[in-house]
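Shown next, in structure tokens, is the structure this report addresses.
Coordinate-derived values only; no laboratory data. Remember, it's a predicted structure, so these values are computed and weren't measured experimentally. Cβ: placed from backbone, ideal geometry, glycine included. Neighbour counts: every protein chain shown.
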Amino acid sequence: MILTPHVRTMAVVGAGALAAVFAAAVPAGAATHAPAITYSFKTLNNSNDLTFNQLLGINNHGKIAGYYGSGAQGHKNKGYLLLPPYHQSSYRVENFPHSAQTQVTGLNDTGVTVGFFSHTNKANPADNANFGFWALKGHFHEVVFPASKAPDGKSTPPVDQLLGVNNVGEAAGFYLDSAGNAHGYLYNVFTRKFITIPLPGSVSVTATGINNKNAVVGFFSQSTGPVKSFLVTQGKHLHVHILAVKGADMTQAFGVNDKGEVVGAYTVGANSFGFTWTAGGGFHKISDPKGPDATVVNGVNNAGDLVGFYTGKNGNTDGMLARP
């Protein structure tokens with residue numbers, strides 16, 4: 001997904017308040033006393049393309065969002081939903097109308113899906129414009145952060161992506177500015193309101209997921225040092241946890257469930273490993289046995305089911321479901 005540099009409204013928090021709490025953020029404790037969970041792994045690939053599948057989100061009914069196709073020219077991204085019991089007949093096509101490519105990146109429990117699409121499939125994937133979308137009952141809606149509210153302008157071509165959504169329609173996403181840096185935001189699909197997510201001292205901020213308690217996850221970079229992740233939780237006060245796997249070149253959080261379990265991936269050299277993180281248990285590595293050094297976890301539901309993908313020995317990218 002992004003690992004390779006790729007209704008009730010949420011309680012509205014002003015950008016100033018978010019900035020203040022981010023400025024006071026401290027690294028999350030690296031507790032490791034909770035035992036690691038054992039998972040059973042299952043490969044799930046759409047037969048339309050058995051060489052490239054990524055599973056990006058899973059809801060509490062077990063429905064999965066994903067896509068097939070690498071995005072290389074002639075190998076277009078094509079979005080889908082996958083329903084239990086996960087047979088080939090359980091795939092449902094979901095593509096933004098008249099688009100060349102679509103990725104379905106997230107979904108909630110009430111039928112809302114989010115993602116992004118492109119009208120082109122060029123030789124260099126970076127030359128394809130991206131536009132966010134949300135959909136419900138077959139009705140699609142384009143989402144683009146307003147250029148007038150982007151102080152550093154928008155990238156050329158424009159890039160807007162929605163990556164996660166909760167049950168009240170609050171979606172997490174980002175856009176790229178004219179320098180190619182990401183700016184995270186929340187977007188309510190029912191009120192059409194945007195909230196930016198600032199992080200003082202950062203060069204780039206990407207919001208990737210939001211749970212039903214309005215906890216937001218994502219990752220950020222500064223002028224120096226590795227890419228790190230953040231988790232913003234809300235109670236009487238906003239709290240920001242900075243998450244970084246010790247020794248990793250990059251730590252990217254991609255999802256969070258209602259229990260506060262964060263999932264994502266980290267890299268060490270050329271290898272990538274999925275992870276789960278909880279406040280009480282710290283980080284635990286997730287590696288699919290068929291791709292132990294090339295695993296990414298993108299989504300988690302309240303049962304602790306994980307979805308993502310791995311690269312196998314044959315070089316194919318395969319969809320992954322891991323159940324505790």
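List the residues, sorted by chain then number, that are 5 or more residues from residue 290 or on another chain and whose placed amide H is less than 5 Å from its amide H.
Close amide H contacts, sequence-distant or interchain: none at all.
Give the residues of the stretch 147-168 whose amide nitrogen is closer than 17 Å to a point set 7 Å from the Cα of residue 178 in the direction of its Cβ.
Counting backbone N atoms under 17 Å from the label point, the list is 147-159.
With the contact rule set at Cα under 8 Å and sequence spacing of 6 or more, what percent relative contact order holds for the stretch 285-324? If you can, show how the numbers build up before the last one.
Values: 67 pairs, mean separation 13.3, N = 40.
It rounds to 33 percent for the stretch 285-324.
Please compute the contact order of the stretch 138-207 in relative form: average sequence separation of alpha-carbon pairs under 8 Å and at least six residues apart, divided by the residue count, as a percent. Kindly include the intermediate steps, with their values, before the conclusion.
Values: 122 pairs, mean separation 16.7, N = 70.
Relative CO of the stretch 138-207 lands at 24 percent.
Lys and Arg at +1, Asp and Glu at -1: add these up for the other residues within a Cβ distance under 15 Å of residue 144 and post the number.
Details: positive: 149, 154, 192, 193; negative: 142, 160, 177.
In short, +1.
Let's see if you can work this out: charge +1 on each Lys and Arg Cβ, -1 on each Asp and Glu Cβ, no other charges. What is the dipole magnitude of the chain about its Cα centre, in debye to the nearest 20? Before the final figure, lay out each step's value.
Values: 21 positive and 16 negative charges, 74 e Å.
The calculation lands at about 360 debye.
Once phi is turned into ³J(HN,Hα) by the Karplus curve 6.51 cos²θ - 1.76 cosθ + 1.60 with θ = phi - 60°, what whole-Hz value does each residue of the stretch 249-258 show in order, with x for glycine and proline?
6, 7, 10, 10, 8, 10, x, 8, 9, 6
How large is log10 I(q)/I(0) at q = 0.08 Å⁻¹ when the Debye formula is applied to the Cα atoms of the chain, each weighted equally and without solvent?
Results for the chain at q = 0.08 Å⁻¹ read -0.31.
Return the distance in nm (one decimal) between the two label points of a simple spin-label model at residue 48 and residue 124, each offset 7 Å from Cα along Cα→Cβ.
The modelled label-to-label distance comes out at 2.9 nm.
Between residue 237 and residue 100, what length in nm is gained on full extension when 0.36 nm per residue of separation is reduced by their alpha carbon distance?
Details: separation 137, 0.36 × 137 = 49.32 nm, distance 4.36 nm.
My answer for the length gained is 45.0 nm.
Evaluate the relative contact order of the stretch 28-323 (contact order divided by residue number), counting alpha-carbon pairs under 8 angstrom at least 6 apart; express in whole percent.
16
Using 0.36 nm per residue, how much length does the chain from residue 213 to residue 90 gain when fully extended, once their Cα-Cα distance is taken away? Don't skip to the end; give the middle numbers.
On the way: separation 123, 0.36 × 123 = 44.28 nm, distance 3.00 nm.
Extra length available between residue 213 and residue 90 comes to 41.3 nm.
Calculate the length of the line joining the C-alpha centroid of the stretch 280-306 to that of the stretch 73-97, in whole Å.
The two parts, judged by their Cα centres, are 22 Å apart.
In deg cm²/dmol and to the nearest 500, what is the mean residue ellipticity at 222 nm of the chain if only DSSP H runs of at least 4 residues count, each as -39500 (n - 2.57), divided by the residue total? Kindly include the intermediate steps, with their values, before the conclusion.
Details: 1 runs with 9 residues, N = 324.
Helix-only estimate at 222 nm: -1000 deg cm²/dmol.
How large is ³J(HN,Hα), in whole Hz, for each residue of the stretch 184-189 in order, when computed from phi with the Karplus curve 6.51 cos²θ - 1.76 cosθ + 1.60 and θ = phi - 60°, using x for Gly and Pro?
x, 8, 10, 9, 8, 5
By how many nm would the segment from residue 224 to residue 203 grow when fully extended, if each residue of separation counts as 0.36 nm and the alpha-carbon distance is taken off?
Numbers: separation 21, 0.36 × 21 = 7.56 nm, distance 0.94 nm.
Between residue 224 and residue 203, full extension yields an extra 6.6 nm.
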